[in-house]
Amino acid sequence: SMVMLQMEYGTDTDDAYDDLRKRISGISNRLPDDAGEPTIMQMDMNAQPDITLTVDNASKDDLYTYVNDDIVPEFEKMADASEVSVRGGSSKYVKIELIEEKVVQYGMTMQQIAQDIAASSLSYPSGETYIGSQELSLSTRMKYDTLERLKDIPLTTKDGSTVYLADVAEIYLNQETADSVARYNGNPTVSFSITKQQSATAVELSN
């Protein structure tokens, strides 16, 4: 949720900000357990996005991730842009759901499995090679970047037997709940807005 406070004209906003921050800090421990840490932002009500763009690309299975990872960073590099925000869509992620009875059966813990997953994409020394008189070190890297490869991550067991992640977990692609909706001509899309720097003009940003 968002609570907006509008100050009377002439209010010292720095003092008001400090006072508000202290008061919010004093009630944070009374918020629900699943509430995040309150964030206080000073906003200029006249600061509206200067440009809004809509992206509709039927060839992308995950349009949100495409926009957020490939397009937005390019606009954030612009010297005249101060903020780029995305609306609509939601990102996909890999969900690993442990099967409790299997974890118990193999004598594992969730922390141990998490450590094995984290260590599975590391590079490690695998020898040396020579080019003329130059000695080069070689390293091997195992990258688990697909669902099928994730299933093949080996896990550590007490008795030294070979167990893979797929033996103790369900692994599948999931989608985060969308927190906003963007439509163009009635079709669901992803849009993003760009706000200019105070020192720039809307024309400079547009160019």
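Taken over the stretch 57-69, the criterion of being modelled with pLDDT under 85 and either loosely packed, with under 12 Cβ neighbours inside 10 Å or in a loop (DSSP other than H, G, I, E, B) (or both) is satisfied by Asn57, Ala58, Ser59, Lys60, Asp61, Asp62. Residues of the stretch 38-55 that are under 27 Å from Tyr93 (Cα atoms) and modelled with pLDDT under 85: Thr39 alone. Total residues in the stretch 92-140 satisfying the condition of being modelled with pLDDT of 65 or more and not in a strand (DSSP E or B): the figure is 24. The selection criterion, being of a type in the set (Phe, Trp, Tyr) and open to solvent by less than 60 Å² (accessible area, probe 1.4 Å), does not hold for Tyr17.
What do you reckon, is Val72 open to solvent by less than 50 Å² (accessible area, probe 1.4 Å), outside any helix (DSSP H, G or I) and not basic (Lys, Arg)? It is false that Val72 is open to solvent by less than 50 Å² (accessible area, probe 1.4 Å), outside any helix (DSSP H, G or I) and not basic (Lys, Arg). Hey, could you check the stretch 91-115 for residues that are under 15 Å from the mean Cα position of the chain (by Cα) and open to solvent by 60 Å² or more (accessible area, probe 1.4 Å) and say which is farthest from Gln198 (Cα to Cα)? Among those residues, the one meeting the criterion is Lys95.
Scanning the stretch 76-90 for residues that are surrounded by fewer than 16 Cβ atoms within 10 Å (Cβ to Cβ) and touching a residue at least 12 places away in the same chain (Cβ under 8 Å), we see that the one that is farthest from Gln198 (Cα to Cα) is Ser85.
In the stretch 193-207, the residues that are of a type in the set (S, T, N, Q) form Cβ pairs under 9 Å with partners that are in a helix (DSSP H, G or I) and open to solvent by less than 50 Å² (accessible area, probe 1.4 Å), at six or more places apart or across chains, as follows: Thr195/Leu205; Gln197/Leu205. Within the stretch 158-193, which residues are surrounded by 14 or more Cβ atoms within 10 Å (Cβ to Cβ) and at pLDDT 80 or above? Selection gives Val163, Leu165, Ala166, Asp167, Val168, Ala169, Ile171, Thr189, Val190, Ser191, Phe192, Ser193.
The values are calculated or read from the model by the stated rules, or taken from the named source; none is laboratory data. Given the structure is predicted, the values throughout are model-derived calculations rather than measurements. No Cβ is skipped: glycine too gets one built from the backbone with ideal geometry, and neighbour counts run over all protein chains shown. To get the accessible areas, we keep the full protein, side chains included, count just its heavy atoms, and leave off ligands, DNA and RNA. Shrake-Rupley method; radii C 1.70, N 1.55, O 1.52, S 1.80 Å.
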